[in-house]
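Engineer: Have a look at the structure that comes next, please.
The values are calculated or read from the model by the stated rules, or taken from the named source; none is laboratory data. Values in this document were obtained by computation on a predicted structure and should not be read as measured data. Virtual Cβ from ideal backbone geometry, glycine too; neighbours counted across all protein chains shown. What goes into the accessible areas is simple: the full protein's heavy atoms, side chains included, and nothing from ligands, DNA or RNA. Shrake-Rupley method; radii C 1.70, N 1.55, O 1.52, S 1.80 Å.
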Amino acid sequence: KPVLGFPDITNIVHDEKPGPAVAEVLKLAKGRRIVSLLGMQSKRKGVLSLIRIASECIKDDVFFLFGGPLDRATYSETELSLIDDFVERKPENCFFHFEHLQDGPEFNELVKLSSLIYAVYLNFPHSSNLLVKAAFFGKPVLVSNEYYMGELVDKYKLGDTVNPDNLLEIKEKIINYNYLCINDKLQRKFFKLNAKEKLKETFQRIIKMK
């Protein structure tokens with residue numbers, strides 16, 4: 001039996017004029033590179049790791065954006081206390097926007113302002129259309145060196161991969177990241193492979209197979 005792959009399509013609509021959340025982030029970042037963890041803030045997204053790293057990077061030229069609702073059900077009480085305590089301290093190098101982000105302009109504006117997309121997910125064997133968004137906006141991504149996302153990032157030179165259990169390595173990649181290491185040509189190719197037009201082609205091939 002033939003096997004057909006479906007593209008990882010995504011909404012890339014964005015506003016030319018930044019919204020209030022973007023303005024607030026840029027104001028607080030004060031020109032620092034912005035490392036963003038976007039979408040549902042569940043445990044497997046690596047929130048705890050990035051909080052620990054952010055707490056050690058107060059004096060570095062990096063600003064951390066956590067954008068999306070906090071999925072409290074995925075954390076233990078101890079872990080929630082750690083998160084809540086850190087947020088309440090209002091660290092100068094972080095912005096916490098634990099609210100729903102509507103896919104489209106609101107979400108994409110935050111991707112667009114980012115210097116680096118943090119997607120070092122834990123035990124995550126799937127792909128993510130966040131890679132497609134990052135490719136469209138020309139943003140590098142940092143992902144786990146495990147599973148499919150790591151394979152895609154390596155193949156299309158979309159950013160870099162790290163050991164998700166090695167916080168020192170992750171911190172070094174964030175601080176010393178070469179933001180020019182992405183391959184623009186391969187990045188555009190990856191986006192085109194996941195564009196809506198590819199979805200139409202896949203359905204047409206299915207129809208012809210009947």
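Engineer: Given (1) open to solvent by 30 Å² or more (accessible area, probe 1.4 Å); (2) at pLDDT 95 or above, where does Ile58 come up short, assuming only one miss?
Structural biologist: (2)
Engineer: Being modelled with pLDDT under 95 and open to solvent by less than 20 Å² (accessible area, probe 1.4 Å) narrows it down to one of Pro140, Pro105, so name that one.
Structural biologist: Numbers: Pro105 fails: open to solvent by less than 20 Å² (accessible area, probe 1.4 Å).
Answer to the check: Pro140.
Engineer: If you don't mind, another one. Just for the range 26-55: of the residues that are assigned to a strand (DSSP E or B) and under 12 Å from the mean Cα position of the chain (by Cα), which one is surrounded by the fewest Cβ atoms within 10 Å (Cβ to Cβ)? Explain how you work it out, then say what you get.
Structural biologist: Looking only at the range 26-55, we keep the residues that are assigned to a strand (DSSP E or B), and these are 33-38, 41.
If we keep only those that are under 12 Å from the mean Cα position of the chain (by Cα) as well, we get 34-38, 41.
Working: Ile34: 21, Val35: 25, Ser36: 27, Leu37: 24, Leu38: 23, Gln41: 23.
Restricting to residues being assigned to a strand (DSSP E or B) and under 12 Å from the mean Cα position of the chain (by Cα), the top hit is Ile34.
Engineer: Filter the range 56-75 for residues that are assigned to a loop (DSSP other than H, G, I, E, B) and over 17 Å from Glu106 (Cα atoms) and give the result.
Structural biologist: Let us first name the residues in the range 56-75 that are assigned to a loop (DSSP other than H, G, I, E, B), namely 56-61, 68-69, 71, 75.
Glu56, Cys57, Ile58, Lys59, Asp60, Asp61, Asp71, Tyr75 - these are the residues of the range 56-75 that are assigned to a loop (DSSP other than H, G, I, E, B) and over 17 Å from Glu106 (Cα atoms).
Engineer: Can we say Leu70 is open to solvent by 20 Å² or more (accessible area, probe 1.4 Å), modelled with pLDDT of 95 or more and farther than 18 Å from Met40 by Cβ?
Structural biologist: Working: open to solvent by 20 Å² or more (accessible area, probe 1.4 Å): yes; modelled with pLDDT of 95 or more: yes; farther than 18 Å from Met40 by Cβ: no.
Here the answer is no, as Leu70 does not meet what is asked.
Engineer: If I go through the range 147-176 residue by residue, how many of them are outside any helix (DSSP H, G or I), surrounded by fewer than 19 Cβ atoms within 10 Å (Cβ to Cβ) and out of contact with any Cys (no Cβ under 9 Å at 6 or more places or on another chain)?
Structural biologist: Step one: filter the range 147-176 for residues outside any helix (DSSP H, G or I), giving 157-166, 176.
Subsequent filtering for residues that are surrounded by fewer than 19 Cβ atoms within 10 Å (Cβ to Cβ) retains 157, 163, 165-166, 176.
Applying the additional criterion that residues be out of contact with any Cys (no Cβ under 9 Å at 6 or more places or on another chain) yields 163, 165-166, 176.
Of the residues in the range 147-176, 4 are outside any helix (DSSP H, G or I), surrounded by fewer than 19 Cβ atoms within 10 Å (Cβ to Cβ) and out of contact with any Cys (no Cβ under 9 Å at 6 or more places or on another chain).
Engineer: Still on this structure, please answer the following. Which members of the range 107-127 meet the condition of being closer than 22 Å to Pro20 by Cα and among the β-branched types (Val, Ile, Thr)?
Structural biologist: Matches in the range 107-127: Val111, Ile117.
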